[in-house]
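So the structure is just underneath, and the comments pick up after that.
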Amino acid sequence: MNCLVNSSCNDQYSNLMSHNRRDFIKIGAIGSAGLLSAWKMAGASGSLQGGATPSQSSLPNAPFRTATYCEVCFWKCAGWIYKNEEGKIQKIIGNDEDENCNGRLCPRGTGGVGMYYDTDRLKTPLIRVTGADGKQTFREASWDEALDVVAEKLQKIKQEHGAECTALFTHGSGGHYFGNLLKAFGSGNIAAPSYAQCRGPREVAFIATFGAGLDSPEPTDIRDTRCLVLIGSHLGENMHNGQVQEMSDAIDKGATIITVDPRFSTAASKSKFWLPIKPATDMALLLAWIHEIIYNDWYDKKYVEKYTSGFEQLKEHVKNFTPEWAHGITTIDPSVITETARAMRDASPAVIIHPGRHVTWYGDDTQRLRAVAILNALLGSWGRRGGFYLPEKIEVPEFPHPPFPKPAKTWRDAMGGKYALADLALASGVCDATIPNPEMGCNIRAWIVNGTNLIMTLPDEKKTIEAIKNLDLMVVVDTMPMEITGYADVVLPECTYLERWDDLRVVHGRKPNIALRMPATEPLYDTKPAYWIAKKLAEKMGLGDYFKWDKFEDVLEWQLKQIGSSLDEMKRIGVKVFPRESGPLYFEEDMPIEFGTNSGKIELYSTVIAAEGFDAMPVYTEHMTPPPGFFHLNYGRAPMHTFGRTSNNPNLTDLMDENTVWVNPKVAKEWSLKNGLAIYLENQDGIVTDFPVKVRITERIRFDSVYIVHGFGHNNKKLTRAHGKGVSDSQLISRVLIDPIMGGTGMRGNFVTFRIAKESEVKS
Amino acid sequence: MREEIITSGRLNPHIDPHLEIWHWQIPLYLFLGGLAAGILFFAALYTIMGKEEKYPGAVRRAPILVPFLLVIGLFALFLDLKHKLFFWQLYTTIKFMSPMSWGAWTLMAITPLSMIWAALHIRDFFPKWDWKYDILKDIETEILKYKVHLAWVMIVLSVILGIYTGILLSAFNARPLWNTSILGPLFLTSGLSAGAATILLFSKSAKERRLFAKIDILLIVIELFLITHLFMGFLASTSVQIDAANLFLGGPYTAPFWIFVVVLGMLIPAGLEIMELRHVKIPHVIPVVLVLFGSLMFRFIIVYAGQMSRWLY
Amino acid sequence: MRYAMAIDTKKCVGCSDCVVACQTENNVPIGYCRDWIVEVTDGTYPQLEIELRSERCNHCDNSPCVRCCPTGASHYEKGGIVTVTHNKCIGCGACISSCPYDARYSHPEGYVDKCTFCIHRIGKGLKPACVAVCPTKCMYFGDLEDPNSEVSLVLKKRKHKTLIPEAGTKPQVYYLI
């Protein structure tokens, strides 16, 4: 009888299969949607029948593609995942319709396959069984068990201290699901290090000036610009894909590029003017440029008159900031300052003083970015072709859920009224609020950390670890065993972006657009998508109503329906571009414009910053210079890596597996350093790097600085390719210069010296 | 300062940081091939000259080694192949521009020839040898009739083989150290010198030994002349070839080359042979071993150093 | 027909996308590559210049690798593309030694491998993977004998060079300078 049942089951199953196979052939003409389900069924039958399956013949001969958008960096380029004849993921190619990448992914996006194939991935839920000493002593657990532990602990914290004593740190698409989970739970402490550790000051400065932030991707109209000014921004080494592509277009069209950098960056090598500035003096240069543009009458008079406020105050303010004054500070020749200002004028309004992205440098960053914004305003580039276009984004409604409760307190309460202008949560602020603080009432007791390696991301590693030690619970959701996972109580392995559904990508751009991410394959190992983890946790904590859907496809289908598309369509096209509805891409003559500032105008004199008790217009502050024998620690990026998250990716480590410390030949001679010599770096606080780093002697770096690429020097042995390769700049960033306006963590005030050998008595 | 670096990619094993595609197998094969060519050359030469009886060491005894040398050499060559199962592809085509193809075909011809030659003279070592089957005996008689013709074929093939060992390398203009036409004659001379030295070991008569000692000295002098010429040529050439020469003139291969190849492998054995000719009592095995050692080292050093010499980066 | 590539050193940022795109397109094993990036810095701070080059097999008109191959595994395809027939290659290494650009490598499976100008793609009217992916669009590919091809047009317009022309190999990857 049993046997009969079994065989009939099998028959049923094979009937189902053949039915699907027929469907597949029919649907094949319609789109990849049918292909995928047929594929999955074929794969499933393969595994059920031990591989000896006739389904082989039903596999499509040609490799086929599924839509995705990249998760290797924040640019989120849309692309297609292609598989080979064996049904294995082979390559990822950009989607031609996507404005972020124009069909061309960057090396990291192309190498994204390595995230999937990395055998060092987190493979199963882990629960800590011994002390929080950073050593990984985990035991493997089932999802049910691991999630039970998390849910119980969170509930306990809620009962004892209140839901507001929990926080989320996130970078990437998981943030939305865990964010909703936390909001439903009753906490508003949701922070991304991409704000206070990266672009925050820029947003605050541009909101203060133009009443609008820049967001991502920045609406810089580089492809049509005639003059691009990069201040410490190393386009081409940071692969902000669309911008790098447009910079190349601009080079083709003969645009003038002006680069300000103590290092001869790749962008500097493409520039007509390279200003090898003395580190930490950019503000003086910016003020001198403003001076030159105002006092030579080089500003866009009509624009300034029509759209700005505070011009006279500004003019008076910069009266003494002459190029000669700036020369003494920046070491840049006064005639070069004037000449570059004239080049900007010549291109105006098709000129971009690029705001950069990682701008938390010296603690006066909001003011420096204000100077950048002012310069753009004077040259009339905001809202103009070749300057900044007016981006548009489509509103995609949130899948219906009950309203979130209002949290009793947030991290802001721990800040004592500081940083009121921060428009997003400060990761560093949340970290601070974790260390016991009487003003907060209760300190934060639990962290959920998703896709961000806080140990390397937040400056001042010691403080981060101190905060972690005060936690009752830390849950890390990641694909890779990063340093942060070593401190976790529960580790939840997320599947990579190639193996999961996710929210639609909804970014602003020249045209509103959306992109779909769908799984190309079943997740490897016992890994799960973030949305699934968040939903299961919610259900275990009685918050299931906030995730009231069966499959994630239902959410997407519902959302797509609201904006006049469908999942089937998106599976077929990957990216959908909508017509603009907000009006033209640039300001037009006689267009009445109300800026989102107090005055409704572009504020050269910022009333909002003045109201908080800070300088309404930027002033120059002198920053520390390195003591004898020490060098400015400058750090940056390499085009083939996204911070630390790619440093174990097999495809990308193949391109670059360690960083080097760049040293000027004169310095090398003085210190008897040889190319390739492995040395340690020590900072002003006596912190010595965990690992040695090889010297690269190069003329590309100024004599008073060294340069290292961020994201290396991983200390987690589970990262077999990245462990001990190069050094971590984060480790050396122990002096943090806080921006008083918005709480950004300035990281460029650190100085290092060379140590040929590590002495045992040195504690790091 | 000029800085030229490969920033990414190019970690190809055996290619980076510098070429190391050929290891011990190739120089060993070149040495054995050269040595075999040297021995066969003299065997054929004296057969043609009708002096077989006068110089039996050269014609009859030393060639017994050759099949072994060639088989070991071929085996080394086979070991060097990375796609071994396809080695037969060598014999599906003749590529006139490819020294490797020339070599493969030459070896294909000369190895059986050397075996026949050794078989013809097997009774020098085993006087009671009997071929047992009539057909083999008939073949032997038949071949013996054409021994001089055989020698003519052998002398041509041995010269090709000897030169080929050098041309294999000199055909690569990508490696400036190898890219000199002197390498062909130089390797031929070195092979002949090694052959002459080996014959000394097999020779039983003092007269024959004196002749081959003289020949060897002459060959060493020619070699020294060619080496001088080699360096003069390099130093008068382009910067990459000057760089190549500098590998031996102050570079990493200076000591091994001048000490092992020139002093131990040429000057000292030549000196010892001169002393021997002047009737100073010296065990004649010493110069022979030194010449063979120098000849082997020469090929090792040229093969390894050549892979370090390049155009770019 | 003469396929050629032109690479604009003024636009290349050395991001290495060409390298990884080639690896995924052609299943080049991890640890190996068919193309690579060279960075040349000249001068003294602050008077500096950088040349960035994406390098690969030059598909020479006078290829030493084809010449020295004993089996004919290395051969010219239509349009002058130099390729290796894997099951004819014995892995002797002669072609590897013969290439002044060190563009070839020994594949772990034994045969010699190198850039093919993505001959499987150009047959379908696609560009080589490296050209198609390049974010700066600094690479041009096409038929030199067609005066209107992308590569012919850019070479007509711009000053260019080849690598080690003195090696006499007549390389067909051009660098715009």
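Figures for the structure shown
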| item | result |
| --- | --- |
| Search result, residues across segment C:4-34 that are closer than 18 Å to residue C:161 by Cα and either under 11 Å from the mean Cα position of the chain (by Cα) or assigned to a helix (DSSP H, G or I) (or both) | C:4, C:5, C:6, C:7 |
| Test result for residue B:181, outside any helix (DSSP H, G or I), more than 14 Å from chain C (Cβ to nearest Cβ) and of a type in the set (Ser, Thr, Tyr) | yes |
| Condition check for residue A:204: assigned to a helix (DSSP H, G or I) and not charged (D, E, K, R) | yes |
| Any hit, segment A:323-341, residues being assigned to a strand (DSSP E or B) and either among the hydroxyl-bearing types (Ser, Thr, Tyr) or over 32 Å from the mean Cα position of the chain (by Cα) (or both) | no |
| Looking only at segment A:609-621, and only at residues there that are in contact (Cβ under 8 Å) with a residue 24 or more places away in the chain and surrounded by fewer than 24 Cβ atoms within 10 Å (Cβ to Cβ), the one that is farthest from the other protein chains (Cβ to nearest Cβ) | A:612 |
| Flag for residue A:221 being in the same structural domain as residue A:363 (by TED's automatic domain parsing) and more than 29 Å from residue A:619 (Cβ to Cβ) | yes |
| Top-ranked residue of segment C:102-115 - restricted to ones that are closer than 17 Å to residue C:3 by Cβ and not aliphatic (A, V, I, L, M), ranked as surrounded by the fewest Cβ atoms within 10 Å (Cβ to Cβ) | C:114 |
| Within segment A:424-530, strands (runs of 3 or more DSSP E) holding 1 or more residues that are without any contact (Cβ under 8 Å) to a residue 40 or more places away in the chain | A:473-478 |
| Residue list for segment A:237-277, restricted to those being in a strand (DSSP E or B), free of Cβ contacts under 8 Å to residues at least 60 places away in the same chain and at the interface with chain C (Cβ under 10 Å from one of its Cβ atoms) | A:274 |
| Complete set of residues in segment A:383-403 that are in a loop (DSSP other than H, G, I, E, B) and closer than 23 Å to residue A:250 by Cα | A:383, A:384, A:385, A:386, A:387, A:389, A:390, A:391 |
| Residue in segment A:687-704 that is farther than 29 Å from residue A:480 by Cβ, away from chain C (no Cβ under 14 Å), surrounded by fewer than 21 Cβ atoms within 10 Å (Cβ to Cβ) and over 23 Å from the mean Cα position of the chain (by Cα) present | no |
| Selected residue (only one of C:87, C:62, C:148 is under 25 Å from residue B:98 (Cα atoms) and outside any helix (DSSP H, G or I)) | C:62 |
| Sole residue being within 30 Å of residue A:566 (Cβ to Cβ) and β-branched (Val, Ile, Thr), chosen from A:506, A:476, A:491 | A:506 |
| Of all residues in segment A:630-641 being touching a helix residue (DSSP H, G or I) at 6+ places or on another chain (Cβ under 9 Å) and in a loop (DSSP other than H, G, I, E, B), the one that is surrounded by the most Cβ atoms within 10 Å (Cβ to Cβ) | A:640 |
| Top-ranked residue of segment A:703-741 - restricted to ones that are assigned to a loop (DSSP other than H, G, I, E, B) and touching a Leu at 6+ places or on another chain (Cβ under 8 Å), ranked as farthest from residue A:663 (Cα to Cα) | A:741 |
| When residues of segment C:24-53 are limited to those that are surrounded by 15 or more Cβ atoms within 10 Å (Cβ to Cβ), of a type in the set (Asp, Glu) and within 7 Å of another protein chain (Cβ to nearest Cβ), the one nearest to residue B:14 (Cα to Cα) | C:35 |
| Residue B:88 within 15 Å of residue B:157 (Cα to Cα), modelled with pLDDT under 95 and assigned to a helix (DSSP H, G or I) | no |
| Residues of segment C:72-89 that turn out to be crowded, with 20+ Cβ neighbours inside 10 Å, facing chain B (nearest Cβ under 8 Å) and over 16 Å from residue C:107 (Cβ atoms), as a count | 0 |
| Segment C:118-145, subset assigned to a helix (DSSP H, G or I) and without any contact (Cβ under 8 Å) to a residue 60 or more places away in the chain, residue farthest from the other protein chains (Cβ to nearest Cβ) | C:119 |
| Output for segment A:261-290, where each listed residue is touching a Leu at 6+ places or on another chain (Cβ under 7 Å), within 16 Å of residue A:359 (Cβ to Cβ) and of a type in the set (Val, Ile, Thr) | A:277 |
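The values are calculated or read from the model by the stated rules, or taken from the named source; none is laboratory data. Everything numeric here is computed off the predicted structure, so don't read it as measured data. Glycine also receives a Cβ, built like all others from the backbone with ideal geometry; neighbour counts cover every protein chain displayed.
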